[in-house]
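**Q** Structure provided below as structure tokens; questions to follow.
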Amino acid sequence: MKLAFEEQGADYLLIMREEHGNVAPAMIANGESADGVRLDIPYQLVTILENIYPWLSKGKIAIITRRCDEKALAELVKRKYVDDKRIVKIGLACSEEQIRKCRCNDPVPSTVAVGEPHAGVKDDELALALSKKSSEDRLNFWVDQYKKCNKCFGCTLNCPVCFCDDDCVLEDRTFVAEPSVPPGLSFHMIRSFHMADKCIECGECERACPAEIPILTMRKLLAKDMKAVFGFTPGDEKTVSPLNTTLEGEQLEDECDES
Amino acid sequence: MTGFSPTILAFCCNWCSYAGADLAGVSRLQMPPNVHVVRVMCSASVKPEYVLKAISQGVDGVLVLGCHIGDCHYMTGNHRTAKRMPIVQKVLEEVGIDERRLRLDWVSASEGEKFQKVVVDFVDEITKLGPNPMREVKF
């Protein structure tokens, strides 16, 4: 992509590339050939960025960002995981079909460099149907869904805002009592709680899930609650998550070293 | 509701609520025996994971007690709890477990009577709600 290297002065470009018939994320340095670049495969490249970022001490990194990637980057920048100045964002608008699949209501990136912007979908039908059900029916629904889980950790590994690499509580017997497969309700409830203040609704967890659990629906429901309780939407560049501030809105000091 | 006596887990902070519970005991205030008290150093050290784990394992109700806002021994500990617990309640509600099974309240070291009142109220409420549906669910 000429845009990234010549106009924006980036040193690397993070992109999806097709090689030997498989599409995978690839890091292209300035001057390397960019054969087989694919822009129609939805994947959160921010997840890859977050993993390789500590090994790249200098240079500007260009990254293809959908709207959800932008929001994920905003969450990472707020938590000081990545430096905003070293990232060049190349906006990519999602196709209509992708928007429908994610039930996304905010699909257009701040600057569209590639693709045509389409309007979002207003509501998640499953979420609406669930919120009308009685709590018993809802519990039955979710228990049936979660029974399909085989604890592959696909949802955490592919999540752009899951960044506690080695200290994930979901791998710890102290917190998730059920070591068996399926992992029981606490696994999913704990993950729901952890994602409540940072899930940017990219839908990568649902795409990654081999059991096709509607994880994204649960995230959307909680995002609605988060907005109702605190008036906070994850992905906002300015406001810090209310769970990271005191009652007066002052920032809490971090007692654990997260770097 | 014959025969159902709920199992309740109470997390009490070391500096206020546990002393409050102590005072209630020393003052010989009558309380239902369903409550299992766990002493923690601060209500903020009650990780939401513990609450969710307890409820998914079939505990009928979880009570989180801390110092009043502004009185926290660690300055802003209970500010965190006050913000976390509503979200934990929402998680429970969305999964389909009644959010009243988790209650957050403030009890200071001198409020033995309030401790008794909170416990009696909570046990009544949980008895009315019935057993935790997660007791029946087998994964």
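**Q** Taking Cα centroids, how far is region B:115-139 from region B:65-105 in Å?
**A** Here the two parts' Cα centres lie 17 Å apart.
**Q** Which of rounded, prolate or oblate describes region A:48-97 when judged by the alpha-carbon gyration tensor and an a/c cut-off of 1.5? Before the final figure, lay out the partial values.
**A** Values: a/c = 2.28, a/b = 1.74, b/c = 1.31.
It comes out prolate by the Cα gyration axes.
**Q** Taking the number of other C-beta atoms within 10 Å as the exposure measure, put B:22, A:166, A:123 in order starting with the fewest.
**A** Values: B:22 15, A:166 5, A:123 10.
Least to most surrounded, the residues fall as A:166, A:123, B:22.
**Q** What percent does the relative contact order of region A:1-126 come to when contacts are Cα pairs within less than 8 Å and at least six residues apart? Could you put the intermediate results ahead of the total?
**A** Values: 205 pairs, mean separation 25.2, N = 126.
In percent, rounded to a whole number, it is 20.
**Q** Here's another thing I want to ask about it. Give me the inter-chain shielding for B:67-78: mean count of other chain Cβ atoms within 10 Å, whole number please.
**A** Working: counts 0, 0, 1, 1, 0, 0, 0, 0, 1, 7, 0, 2.
The per-residue average across the peptide is 1.
**Q** So for region B:8-136, averaging the separation of alpha carbon pairs under 8 Å that are six or more residues apart and normalising by length, what relative contact order in percent results? Walk me through the numbers before you get to the answer.
**A** On the way: 213 pairs, mean separation 49.0, N = 129.
The normalised contact order for region B:8-136 reaches 38 percent.
**Q** Let me ask something else about it. Helix-only mean residue ellipticity at 222 nm, chain A, DSSP H runs n ≥ 4 weighted -39,500 (n - 2.57), per residue, nearest 500. What is it? Let's see the in-between values first.
**A** Values: 9 runs with 83 residues, N = 259.
Rounded to the nearest 500, it is -9000 deg cm²/dmol.
**Q** List A:152, A:168, A:94 from most exposed to least, where exposure is judged by having the fewest other Cβ atoms within 10 Å.
**A** Working: A:152 13, A:168 18, A:94 24.
Sorted ascending by nearby Cβ count, the order is A:152, A:168, A:94.
**Q** Please report, in Å, the Rg and the Dmax of region A:51-172, where both are computed over Cα atoms only.
**A** Reported Rg and Dmax, both Å: 18.1, 54.
**Q** Looking only at chain A, where both bridge partners belong to it, what percent of the DSSP beta bridges are antiparallel (to the nearest 5)? Working shown, then result.
**A** On the way: 10 of 19 bridges.
For chain A, the DSSP antiparallel bridge percentage is about 55.
**Q** Sticking with this one: Magnitude of the Cβ-charge dipole of chain B, K/R +1 and D/E -1, about the Cα centre, nearest 20 debye? Write down the numbers at each step before the final one.
**A** Details: 16 positive and 15 negative charges, 60 e Å.
So the magnitude is around 280 debye.
**Q** Within 10 Å of each Cβ in peptide B:50-59, how many partner chain Cβ atoms are there on average? Round it to a whole number, please. Could the numbers behind the result be given before it?
**A** On the way: counts 4, 4, 11, 11, 2, 3, 10, 5, 0, 0.
Per residue, the average neighbour count from other chains is 5.
**Q** Something else: Given Cβ point charges of +1 (Lys, Arg) and -1 (Asp, Glu) and nothing else, what value in debye, to the nearest 20, does the dipole of the protein assembly as shown about its Cα centre take? Show your work: numbers first, answer last.
**A** Values: 49 positive and 60 negative charges, 147 e Å.
Charge dipole, the protein assembly as shown, about its Cα centre: 700 debye, nearest 20.
**Q** Separate question: How high is the relative contact order of chain A, in percent, counting Cα pairs under 8 Å that sit 6 or more residues apart?
**A** Working: 363 pairs, mean separation 41.4, N = 259.
After rounding, I find 16 percent.
**Q** At 7 Å along the Cα-to-beta-carbon direction for both residue B:120 and residue A:57, put a label point, then send me their distance in nm to one decimal.
**A** Taking the simple label geometry, residue B:120 and residue A:57 are separated by 6.8 nm.
**Q** Moving on. If you add up the charges near residue B:106, with Lys and Arg at +1 and Asp and Glu at -1, over every other residue whose beta carbon is less than 10 angstrom from its beta carbon, what do you get? Walk me through the numbers before you get to the answer.
**A** On the way: positive: B:114; negative: B:71, B:105, B:111.
Overall, the nearby charge balance is -2.
**Q** Could you calculate the contour length gain from residue A:134 to residue A:236, that is, 0.36 nm times the residue separation minus the distance between their Cα atoms, to one decimal place in nm? Please list the in-between numbers first.
**A** Values: separation 102, 0.36 × 102 = 36.72 nm, distance 3.27 nm.
Difference between extended and current length: 33.5 nm.
**Q** I've got another one for you. Once the convex hull of the alpha carbons of chain A is built, what does its volume come to per residue, in cubic angstrom? Don't skip to the end; give the middle numbers.
**A** Numbers: hull volume 39.4 nm³, N = 259.
Cα convex hull per residue, to the nearest whole number: 152 Å³.
**Q** Here is a follow-up. Given the pairs A:151/A:220; A:78/A:148; A:85/A:122; A:89/A:147; A:147/B:47, which span a C-alpha to C-alpha distance of over 30 angstrom in this model?
**A** Values: A:151/A:220 21 Å; A:78/A:148 35 Å; A:85/A:122 33 Å; A:89/A:147 39 Å; A:147/B:47 25 Å.
Beyond 30 Å: A:78/A:148; A:85/A:122; A:89/A:147.
**Q** Next question, about the same structure. Between residue A:97 and residue A:224, what length comes free when the chain is fully extended (0.36 nm per residue of separation minus the Cα-Cα distance, one decimal in nm)? Write out the running numbers ahead of the final one.
**A** Numbers: separation 127, 0.36 × 127 = 45.72 nm, distance 2.37 nm.
So the chain would gain 43.4 nm between residue A:97 and residue A:224.
**Q** I want the local charge near residue B:63. Using Cβ-Cβ distances under 9 Å, sum +1 for each Lys or Arg and -1 for each Asp or Glu among the other residues. Display every interim value, and only then the final one.
**A** Details: positive: B:103; negative: B:105.
Counting the neighbours of residue B:63, the net charge comes to 0.
**Q** Placing +1 on the Cβ of each Lys and Arg and -1 on the Cβ of each Asp and Glu in region A:82-140, which of A:118, A:88, A:128 has its Cα farthest towards the positive end of the resulting dipole?
**A** A:88
**Q** Same structure, new question: Ranking A:86, A:173 by Cβ neighbours within 10 Å, fewest first, what do you get? Display every interim value, and only then the final one.
**A** Numbers: A:86 15, A:173 8.
Final ranking by Cβ density, sparse to dense: A:173, A:86.
**Q** On the principal axes of its Cα set, how long, how wide and how thick is region B:16-139? Give whole Å, largest value first.
**A** The principal-axis extents, from largest down, are 42, 33, 18 Å.
**Q** Ranked highest first by average number of other Cβ atoms within 10 Å, how do A:29-41, A:202-214 line up? Walk me through the numbers before you get to the answer.
**A** On the way: A:29-41: 12.0, A:202-214: 19.3.
Those peptides, ordered most packed to least, come out A:202-214, A:29-41.
**Q** Just tell me how shielded A:165-174 is by partners: mean number of partner chain Cβ atoms within 10 Å of each residue's Cβ, no decimals. Don't jump to the answer; show the numbers that get you there.
**A** Details: counts 0, 0, 0, 0, 3, 1, 0, 1, 0, 4.
The shielding value for this peptide is 1.
**Q** Provide the three semi-axes, in whole Å and in decreasing order, of the ellipsoid equivalent to region B:41-87 as defined by the square roots of 5 times the Cα gyration tensor eigenvalues. Kindly include the intermediate steps, with their values, before the conclusion.
**A** Numbers: eigenvalues 94, 17, 15 Å².
Over the Cα atoms of region B:41-87, the semi-axes work out to 22, 9, 9 Å.
Bear in mind these aren't lab numbers, they're just calculated from the coordinates by the rules spelled out. Here the structure is a predicted model, which is why all the values come from computation and not from measurement. A quick note on method: Cβ atoms are made from the backbone with ideal geometry, for glycine too, and the neighbour counts reach across all protein chains shown.
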